[in-house]
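All remarks here apply to the structure that follows.
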Amino acid sequence: MELTKEYIQNLRQDYRSAGLTEADVDKDPITQFGKWFKEAVEAQLFEPNVMTLATADQFGKPSARVMLLKGFDENGFVFYTNYDSRKGKMLTANPQAALVFFWPELERQVRIEGVISKVDEETSTSYFHSRPKGSQIGAVASTQSSTIADKTVIEERVKVLTEEFSDKEVPRPQHWGGYLVEPTYIEFWQGGSSRLHDRLVYEKVDGAWAISRLAP
């Protein structure tokens, strides 16, 4: 198979599994997200909590990467990372973010935009110690996003820390913890035939959620 320009241009999928109407969705977008997320889990999709996190620096230069959702409730959506990483520095300079979930098997996408804040230290510490010990040590060992000479730098650091904490608890580093995305915009996208997709949007208006439909 040759990856020609024409071949790539003609890559497409016609979505036919379902539709989405205003009567189908909950008045609260977090509740609606929970419904869709539960259906993604029950469908046994591979890592249904995978999401794209988009950030921008103080000049508006964007950056995106794949992350894992680690919780959500009426306050918003939570993920964890190194505060000194590139994304962490961007979020300090410009505390806004966008999340995208795509569940192709269900022909669904959810887009979330909102403001960022750090979760409290107790919550970050509790989650840190719920992780496998190897992951805890990895978080301590890695100066995420910094330039290193080669992989052995990290491997040697992990080896030293593994021995140091073989019989004791790994302390959560202060530069590692959670972020909360408090949503101001949530879009639910259901694929439709001939690109006539359903797009229902929730936006905060005077502290309440308003629902509208967007053209596909």
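The values are calculated or read from the model by the stated rules, or taken from the named source; none is laboratory data. Only a predicted model underlies this, so the values are computations on that prediction, with no experimental measurement involved. All Cβ positions, even for glycine, are placed from backbone atoms using ideal geometry, and neighbour counts span all protein chains on display.
The residue list VAL50, VAL66, VAL41 contains one member that is over 15 Å from the mean Cα position of the chain (by Cα), within 30 Å of GLY177 (Cβ to Cβ) and among the β-branched types (Val, Ile, Thr), which is VAL41.
Okay, residues lined up against (1) touching a strand residue (DSSP E or B) at 6+ places or on another chain (Cβ under 9 Å); (2) under 26 Å from SER63 (Cβ atoms); (3) modelled with pLDDT of 95 or more:
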| position | (1), (2), (3) |
| --- | --- |
| THR81 | yes, yes, yes |
| GLU122 | no, no, yes |
| GLY138 | no, yes, no |
| THR143 | yes, yes, no |
| ASP150 | no, yes, no |
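So, GLU187, is that one assigned to a helix (DSSP H, G or I) and either over 22 Å from GLY88 (Cα atoms) or aromatic (Phe, Trp, Tyr) (or both) or not? So GLU187 does not fit the description; no. Which residue is surrounded by the most Cβ atoms within 10 Å (Cβ to Cβ), if the candidates are limited to segment 103-155 and must be touching a Lys or Arg at 6+ places or on another chain (Cβ under 6 Å) and either aromatic (Phe, Trp, Tyr) or not in a loop (DSSP other than H, G, I, E, B) (or both)? This residue is PHE128. From the list VAL153, VAL160, VAL119, the one residue that fits, being among the β-branched types (Val, Ile, Thr) and within 29 Å of PHE188 (Cα to Cα), is VAL119. Can you pull out every residue in segment 156-168 that is in a loop (DSSP other than H, G, I, E, B) and either in contact with a helix residue (DSSP H, G or I) (Cβ under 7 Å, 6 or more places away or on another chain) or among the β-branched types (Val, Ile, Thr) (or both)? PHE165 - this is the single residue of segment 156-168 that is in a loop (DSSP other than H, G, I, E, B) and either in contact with a helix residue (DSSP H, G or I) (Cβ under 7 Å, 6 or more places away or on another chain) or among the β-branched types (Val, Ile, Thr) (or both). Going by the structure shown, is PHE72 out of contact with any helix residue (DSSP H, G or I) (no Cβ under 6 Å at 6 or more places or on another chain), over 22 Å from ALA93 (Cα atoms), part of a strand (DSSP E or B) and of a type outside the set (Asp, Glu)? Judged against the criteria, PHE72 is a match.
Taking residues in segment 1-26 that are closer than 30 Å to TRP209 by Cβ and at pLDDT 90 or above, and partners anywhere that are outside any helix (DSSP H, G or I) and among the aromatic types (Phe, Trp, Tyr), not one pair has Cβ atoms closer than 6 Å while being at least 6 places apart or on different chains. The residues in segment 198-216 that are surrounded by 14 or more Cβ atoms within 10 Å (Cβ to Cβ) and more than 30 Å from MET90 (Cβ to Cβ) can be counted, and the count is 2.
Just one of the listed residues (ARG157, ARG199, ARG195, ARG131) is of a type outside the set (Ser, Thr, Tyr) and within 20 Å of PHE79 (Cβ to Cβ), and it is ARG131. Just to verify a result, which residue in segment 10-37, among those that are under 14 Å from PHE102 (Cα atoms) and not in a loop (DSSP other than H, G, I, E, B), is farthest from the chain's Cα centre (by Cα)? The extreme case among them is TRP36.
Residue-wise test of (1) within 18 Å of the chain's Cα centre (by Cα); (2) aromatic (Phe, Trp, Tyr).
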position	(1), (2)
ASN82	yes, no
ALA98	yes, no
TRP103	yes, yes
ILE116	yes, no
GLU121	no, no
THR125	no, no
PRO132	no, no
ILE137	no, no
THR152	no, no
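Considering segment 38-50, the residues that are in contact with a Leu (Cβ under 9 Å, 6 or more places away or on another chain) and part of a helix (DSSP H, G or I) include one that is surrounded by the most Cβ atoms within 10 Å (Cβ to Cβ), namely ALA40.
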